[in-house]
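Contents: one structure, followed by commentary.
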């Protein structure tokens, strides 16, 4: 039959081929990319369909629709570039009943049909939609069963002390070997925390001293995660998801169900040390420690009797006029943990008074202060000169060593002579290096007098966080002491005390 001249031939229906392979199905016959592509192209030819494009998600799970090719296909569908979507099997498209319903509704909205090449699905009738939904539910059930089996296997690995993959934490190589220098920093973070310093304070101190966390700075979050992570105590832990479907790092043991196992890797903390951290965290949260960062001197304040760190605490008392009154004070950490130290506790405003009094005494005589500053600058110049001279001496020693070696090779001096000369050079090198070390040590203790003056002037105008940062920037250590053991009658006034020693950054 010959078509009339005014009739337009009906074009072929355009089809979008969608292919998905997950990692564990790459090599299975029929589910590989080329296997699906060949069968789907053949099926399209049998239906006389024109293939508009082939969308391939290689190595993606069907747990959701966040797949690059899937997203691109849906965008093309909205632009009405094809009329049919063809897959090898339904589970190549999705395994979620919720996603399946959403896709079918979206296909209907844009007038696109759906077809599986190996299953009999028909989406234009109620019975066809019911059947495809039923199969989708079976696919979701299968995925859930697989997840349960995987979870069981992971839990069994943990119970046997084997780590179920993933990136190893800071302090270890990806082969599970301990990195000694990083382990030392982790132990230092623990010691600082047990001395009473908070997460933010520890991070500031470590960063200020150039002790970075590999190529990154420490933060409150990384300090907290380091202290809480049981892997450093030789314990492998795996936690489930939250009800919202997310994983957590902080306070994992309290927020989700966890499985624990004793690992075979080298630990950084002992079990007792890790338990001590957890108990200390619990006390800081529930036993009177302030979670508000009001302790200006924690981290630098030290006991003048035993040298232990002094950390902040809050006392609470109820009055008839002011209600509940909370007073920050400092206690020696060794005294708090039952060691034999009898230094009394100090209220924060008492420590503040002692430090300001120390600064005022330094500034009593302006001329003396200026003279001291000039002397310090001159002294610093002398130290620098001595260091430079010692470094030049080291270069000369190296040159002489080469000369002695050359003379020995040329037969100009004997074996005994060169042995004697090399011993002399070793002594000279040791003396030069000792001079460098001594002068650098002297330079580190020079008081920062101009910054002390600035601190005293700004103190009453800055907030708590700024006061803390100012203190940590200037001071490295402040030792306080008193000749009293049990001060009496000093409830509303300061008892006799003094600053025993100060060192600066």
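Values quoted throughout were computed directly from the atomic coordinates according to the rules given, and no laboratory measurement underlies them. Source: prediction; values computed, not measured. Cβ: placed from backbone, ideal geometry, glycine included. Neighbour counts: every protein chain shown.
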Computed lengthening from residue 281 to residue 207, 0.36 nm per intervening residue step minus Cα-Cα distance | 24.4 nm
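FRET efficiency for residue 391 and residue 481, Cβ-Cβ distance as r, R0 = 60 Å, nearest 0.05?
On the way: r = 40 Å, r/R0 = 0.67.
Given R0 = 60 Å and the Cβ-Cβ separation, E is 0.90.
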